[in-house]
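A short worksheet on the structure shown next.
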Amino acid sequence: GVRNITSGSSTKSVTYPSAFYAIPSLGISANNMASGDYFEIENEAVTGFDVTFKDSSGSAVSRTFNYQSKGY
């Protein structure tokens, strides 16, 4: 997995180091979430994904996260 990525206060596009043949399973763990924070994953593909962290009011916020992708 990849560790300690800072999302920035908008959508973070993550590109895998090498493309998969099929969309992989994806796990994300956030490191500095506040109460009510959540994240949305969009545009999952063989080459990467987009993630946006939001606070309880739905505003985009910057958070640090790790991800693990597994597939072929």
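The values are calculated or read from the model by the stated rules, or taken from the named source; none is laboratory data. None of these values were measured; they are calculated from a predicted model. Virtual Cβ from ideal backbone geometry, glycine too; neighbours counted across all protein chains shown. Accessible surface is based on the protein model in full, side chains and every heavy atom, while ligands, DNA and RNA are left aside. Shrake-Rupley method; radii C 1.70, N 1.55, O 1.52, S 1.80 Å.
Observations on the model:
- In sequence order, calculated HN-Hα J values of region 25-34 (Karplus, 6.51, -1.76, 1.60; Hz; x Gly/Pro): 6, 10, x, 10, 10, 9, 9, 10, 6, 9
- Dipole check for the chain: with +1 at the C-beta of Lys and Arg, -1 at the C-beta of Asp and Glu, and the Cα centre as origin, the magnitude is about 240 Debye.
- Using a probe of 1.4 angstrom and keeping all protein chains present, the accessible surface of the chain works out to 60 square angstrom per residue.
- Surface composition of the chain: carbon plus sulfur atoms contribute 46% of the solvent-accessible area (1.4 Å probe, protein chains only, all chains present).
- Taking all protein chains together, T15, T52 sort by accessible area into T15, T52, largest first [probe 1.4 Å].
- Residues whose amide H falls under 5 Å from that of R63, counting only those 5 or more places apart or on a different chain, are S7, G8, with hydrogens built in the peptide plane.
- Computed over the chain: relative contact order in percent, which uses C-alpha pairs under 8 Å that are six or more apart: 50
- Kirkwood hydrodynamic radius of region 14-72, Cα pairs, Å: 12.3
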